[in-house]
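Everything on this sheet refers to the single structure shown next.
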Amino acid sequence: MVLKPITKELEQAFNINEKLGDSSKVIYRSVYRRFLNLSDHTKLLDMSEANIIKLVNDDSIPPKSQESLLDVAVLVRKANNASYEKILKYKTIQLKKSIEKRKFEKNEKLKDELPEKKQIERYIKTLENNKDYVSYIVNYLLLNYGVRNLDLNLIITSDRDVTTKGHKSEINYLYVTSTYVIYIRNNYKTYKTYGQKKLKIIKKSFLNACKQLLGDNYDTPLLKLKNGDPISEESIGRVIQEMTYNNIGESMYFKINIADSKKANNIKRIRDLSNHRGSALETVFAEYDIDNKN
């Protein structure tokens, strides 16, 4: 992955935090650039903690975005031996209350607006009938396995070696055989906690979609730009959102899954979704259960 140049203060943060993966660095870079735009390009080390908090504490910035901005502020200031305790205290107390309030309000609204799972299933069937194979694969994996956007940045391949050696790479695969597909994930948000994940998919329409996209090629990226180049991790969220039902995005699909499973009292399905996604059950209920009051 080719990374754009960064400032010395962010570079120092990356050097100190050696375990940060490339995907995390991409996110931090994006948030850091957003902060610089807000601060008129005044760097984090050139501002007081009070001024950083004042800048970020803006009603026009959603609370979760404020949290991301403060996360990068703490990361940078801690790595450069600058004070960050006031920022951390504000983030964990006052901002947390704002986030919880905003989440409750959004969930209450979603109870009336969230589509039924059957609507998404009909949409996926339409994609299949229209031979929109890329969108079909994206939506099928999102709905059936509750994966994240990054999990869909993958290579479709007929190379059997990826099933045994793929864990040594940072690439996700759909390994296609004559009768089934193995979905292999080596690059997803919680990989360092849960390790490589494999799923065997035997659905004929999914197998056919993979075969159609692969054609006579040895391998091919699922997502690519109009010129054929692979898509960047920075833009993958936007691209996938545009493929989903009414542009609602990956997170809403997961909330639909949890709501549908609760309605059917299907605890096993929730556990399976938690496992597929690589998220603890506590996180699943806290972040994606629209009935959760905590």
Fill in: Any hit, the range 276-294, residues being of a type in the set (Lys, Arg), outside any helix (DSSP H, G or I), loosely packed, with under 14 Cβ neighbours inside 10 Å and more than 22 Å from the chain's Cα centre (by Cα)
yes
Worksheet, complete the sentence: Of the residues in the range 122-140, those that are closer than 14 Å to Leu152 by Cβ and not aliphatic (A, V, I, L, M) come to Tyr133, Ser135, Tyr136, Asn139, Tyr140
Worksheet, complete the sentence: Restricting the range 60-93 to residues that are polar (S, T, N, Q) and within 22 Å of Glu18 (Cβ to Cβ), the one most open to solvent (accessible area, probe 1.4 Å) turns out to be Asn81
Response to the item:
When every residue in the range 148-193 that is under 14 Å from Ala209 (Cα atoms) and of a type in the set (Val, Ile, Thr) is compared, the one surrounded by the fewest Cβ atoms within 10 Å (Cβ to Cβ) is Thr179
Worksheet item: Listed residues Ile248, Ile258; which is open to solvent by less than 20 Å² (accessible area, probe 1.4 Å) and on the phi < 0 side of the Ramachandran plot?
Response: Ile258
Discussion item. Restricting to the range 138-184, give me the number of residues that are in a loop (DSSP other than H, G, I, E, B), under 21 Å from the mean Cα position of the chain (by Cα) and at negative phi.
Written reply: 7
Response to the item:
Just one listed residue, out of Lys118, Lys103, Lys131, is at pLDDT below 85 and surrounded by fewer than 19 Cβ atoms within 10 Å (Cβ to Cβ), and it is Lys103
Discussion item. Can you tell me how many residues within the range 194-242 are surrounded by 12 or more Cβ atoms within 10 Å (Cβ to Cβ) and either in a helix (DSSP H, G or I) or modelled with pLDDT of 90 or more (or both)?
Written reply: 28
Worksheet entry | Any pair with Cβ under 6 angstrom, 6 or more apart, that starts in the range 226-247 at a residue that is within 18 Å of Arg148 (Cα to Cα) and ends at one that is in a loop (DSSP other than H, G, I, E, B) and of a type outside the set (A, V, I, L, M, F, W, C) | Ile236/Asn149; Ile236/Asn153; Gly237/Asn149; Ile240/Asn149; Gln241/Gly249
Worksheet, complete the sentence: Here the qualifying pairs (Cβ atoms under 8 Å; residues six or more apart or on different chains; first in the range 167-195 and within 14 Å of Ser279 (Cβ to Cβ); second assigned to a loop (DSSP other than H, G, I, E, B) and among the hydroxyl-bearing types (Ser, Thr, Tyr)) come out as Thr190/Ser279
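The values are calculated or read from the model by the stated rules, or taken from the named source; none is laboratory data. This is a predicted model, so every value here is computed, not measured. As a convention, Cβ positions derive from the backbone with ideal geometry for all residues, glycine included, and neighbour counts pool all protein chains shown. These accessible areas exclude ligands, DNA and RNA; they are computed on the full protein's heavy atoms, side chains included. Shrake-Rupley method; radii C 1.70, N 1.55, O 1.52, S 1.80 Å.
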